[in-house]
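K.L.:
Here's a structure for you.
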C-alpha cells in the first residue's frame, strides 16, 4: 500500500479521498497559527487578503470592508461567507500585485497578513508608489518533528510548512505542493516536486492520488 504524509491535519472528507484510493495516511501540523491583537479601522475601503487566517482575524475584529482583493478560492469563499465583497481573486500573489498596480494606482490599501509573508505584493506596491498599510494579524510558528518512517509522497500546503518539515527531516519522497510558491520553497530541499492544479487542499490530494497511481 502506498503511503502519504500530510503536513497539515485534514478534515474527515479529505482523509477519505486518500483512504478510498487505497493510500495510507499519516498527518500532523507542521506549523501553528496564533491570532494577535491589532489595530485597524472598523470600516475599510480597500483590503488585500492573501490567506484564510487573515479572513478569520478580520471577522473576529468585526471589520467591514468595502472592497476585498484576495488570493485563493478558499479565501474568497470565506470572505463572501462572512458578508464581505470580493472585487478580484487570483490564484497567486504574483497575479494580484500587477492587477492592483495597473488598476488602482491612486487608491489606498490595507494589507492584512501574518508575520511570515511573501514580499511579492508589498514590493510591487512600493515600487509603483501605491499607498498601503501593512497590518499583521497572526503569527506563524514552526512545529518541527522528526519523522522516522519513509513515505511515497508528502503533501505541503505552505512555504512555512516546507521549512518546518525540512528542519528535522530529509526525504526522497515526492513532494506534492499546493501551488508554485510552496513548490519553489520545496525545490530548495528536493528535486522531486510536483504542483497541484489548483490552490486548494482537495487538489493537492487529487494530484497525490494521481501521481501514486502512475
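What follows draws every value from the coordinates through simple rules; no lab data is involved. Because the structure is predicted, anything quoted here is derived from the model rather than measured. All Cβ positions, even for glycine, are placed from backbone atoms using ideal geometry, and neighbour counts span all protein chains on display.
K.L.:
Tell me, what is the percent relative contact order of the chain, built from C-alpha pairs under 8 Å that lie six or more residues apart?
P.N.:
21
K.L.:
At 222 nm, what helix-only mean residue ellipticity would the chain give, in deg cm²/dmol to the nearest 500, using -39500 (n - 2.57) for each DSSP H run of four or more?
P.N.:
-10000 deg cm²/dmol
K.L.:
What ranking of 164, 13, 131, 118 emerges when the number of other C-beta atoms within 10 Å of each C-beta is taken as an exposure proxy, fewest first?
P.N.:
Least crowded to most crowded, the residues run 13, 131, 118, 164.
K.L.:
According to the square roots a ≥ b ≥ c of the eigenvalues of the Cα gyration tensor, what is the shape class of region 33-140, taking rounded for a/c under 1.5, prolate for a/b larger than b/c otherwise, and oblate for the remainder?
P.N.:
Rounded is the answer for region 33-140, as its axis ratio a/c remains below 1.5.
K.L.:
Need the C-alpha centroid separation for region 127-206 versus region 67-106, integer Å.
P.N.:
Taking the Cα centre of region 67-106 as reference, the centre of region 127-206 is 22 Å away.
K.L.:
Could you tell me the relative contact order of region 33-140? Use alpha-carbon pairs under 8 Å, at least six residues apart, and round to a whole percent.
P.N.:
Relative contact order for region 33-140 comes out at 32 percent.
K.L.:
Please report the Cα spread of region 2-55 along all three principal axes, rounded to whole Å, starting with the longest.
P.N.:
The principal-axis extents, from largest down, are 50, 20, 15 Å.
K.L.:
Using the number of other C-beta atoms within 10 angstrom as an exposure proxy, rank 15, 149 with the fewest first. Let's see the in-between values first.
P.N.:
Numbers: 15 15, 149 7.
Ordered from fewest to most neighbouring Cβ atoms within 10 Å, 15, 149 come out as 149, 15.
K.L.:
In what sequence, highest mean first, do 175-186, 193-204, 81-92 appear when ranked by Cβ atoms within 10 angstrom? Walk me through the numbers before you get to the answer.
P.N.:
Details: 175-186: 22.2, 193-204: 18.9, 81-92: 15.3.
Result, highest mean first: 175-186, 193-204, 81-92.
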